[in-house]
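As structure tokens, the structure follows; a few thoughts come after it.
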Amino acid sequence: MKKGLIIRHVPFEGIAGFRQPVEDAGYVLDRIDVTDPEFARVNFNTPDLLILMGGPMGVYERDAYPWIDCEIDRLASRISLGLPTIGVCLGAQMIAAAMEAKVYSGPVKEVGFAPVALNTTGADSPLRHVEGVPVLHWHGDSFPLPDNVELLASTDAYHHQAFRRGPELLALQFHAEMGEDPRFEEWLEGSDDYVGQAGLTVTQLRGQHDRHGAGAVAAGRAMIAEWLGGLEPS
């Protein structure tokens, strides 16, 4: 039995649309919140698959969120062992930090449904499924590309949208898991200022979600299914 562990940084940012392909690939999923007292004792090297989801905090806010250092240390150990790991948004930034890249506040807020541009490597990767598909962006942080990884996708605002290392490590700044999860309404609550910094209103963003959400999730599921299919048997 293959086991997957979801690291959830806030309750409203879960695995969402990625659950189906992960479970279809034979993984039995468990989840832990970073606020759970047991989180500090979780062995990141035990699961067959580690899934790090998003969150509104920044990797550099370590004084406000003491669990960040603990998470990065254990994540660095897992990455060094080449164990299958995927990170989304904050999860991707955590992976970058664990690989000794400095995460920093970016020049703009990137929010809304829009495609990512794939480079040649990305077009020949599981990300080919999201090519030309508007997917959700919701972040304002970035990082230099870690050593020994391959860049897969970019946008005009943020060049480092996705990277991988071998078949076992995938980091995605964008949210191809979101588009059908009702918890999206929790993302929108109180977000008028953040969304406004990206030049949108919450009403406009909700409209984008209604138009593009189902297509984004379908593409995201196909992407994850192919990525999981490329993992070495554990």
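The values are calculated or read from the model by the stated rules, or taken from the named source; none is laboratory data. Everything numeric here is computed off the predicted structure, so don't read it as measured data. A quick note on method: Cβ atoms are made from the backbone with ideal geometry, for glycine too, and the neighbour counts reach across all protein chains shown. These accessible areas exclude ligands, DNA and RNA; they are computed on the full protein's heavy atoms, side chains included. Shrake-Rupley method; radii C 1.70, N 1.55, O 1.52, S 1.80 Å.
With contacts defined as alpha carbon pairs under 8 Å and 6 or more residues apart, what's the relative contact order of the chain in percent?
21
May I ask you to derive the relative contact order of region 1-64, considering only C-alpha pairs under 8 Å and at least 6 residues apart, and to give it as an integer percent?
Computed over region 1-64, the figure is 50 percent.
What FRET efficiency comes out for residue 188 versus residue 131 if R0 is 30 angstrom and r is the Cβ-Cβ distance? Round to the nearest 0.05.
0.65
Over region 1-134, what is the relative contact order in whole percent, taking alpha-carbon pairs under 8 Å and six or more residues apart?
Dividing the mean separation by the residue count of region 1-134 yields 22 percent.
What FRET efficiency comes out for the pair residue 201/residue 77, r = Cβ-Cβ distance, R0 = 41 Å, nearest 0.05?
Once rounded, the FRET efficiency stands at 0.40.
With n ≥ 4 as the cut-off for DSSP H runs, can you work out [θ] at 222 nm for the chain, using -39500 (n - 2.57) per run divided by the number of residues, rounded to the nearest 500?
The per-residue figure over the chain is -9000 deg cm²/dmol.
Starting from region 143-196, pick out the trypsin sites (Lys or Arg not before Pro) whose DSSP state is loop and whose Cβ has at most 14 other Cβ atoms within 10 Å.
In loop regions of region 143-196 (DSSP not H, G, I, E or B), the sparsely surrounded trypsin sites (Lys or Arg not before Pro) are 183.
Apply the a/c threshold of 1.5 to the C-alpha gyration tensor of the chain and tell me whether it is rounded, prolate or oblate.
Judged from the Cα gyration tensor, the chain comes out rounded (a/c under 1.5).
First compute the accessible area of the chain with a 1.4 Å probe, then give the percent of it belonging to carbon and sulfur atoms.
About 49 percent, which is the carbon plus sulfur part of the accessible surface.
Just going by the charge dipole of the chain, with Lys and Arg at +1 and Asp and Glu at -1 on Cβ, which of 145, 29, 222 is farthest out on the positive end?
Farthest towards the positive pole: 222.
So which residue, out of 153, 216, 123, gets the largest mean-square fluctuation from a GNM of the chain using Cα contacts under 10 Å as springs?
Looking only at 153, 216, 123, the largest GNM fluctuation is found for 123.
Tell me, what is the per residue accessible area of the chain in Å², probe radius 1.4 Å?
43
Going by accessible area, probe 1.4 Å, with all protein chains left in place, what is the ranking of 102, 2, largest first?
102, 2
Gaussian network model of the chain, Cα springs within a sub-10 Å range: biggest mean-square fluctuation belongs to which of 112, 215, 132?
Highest fluctuation of the listed residues: 132.
Given the options 55, 196, 14, state which has the largest fluctuation in a GNM of the chain using a 10 Å cut-off (strictly under) for Cα springs.
For the chain, modelled as a Gaussian network with Cα springs under 10 Å, the answer is 196.
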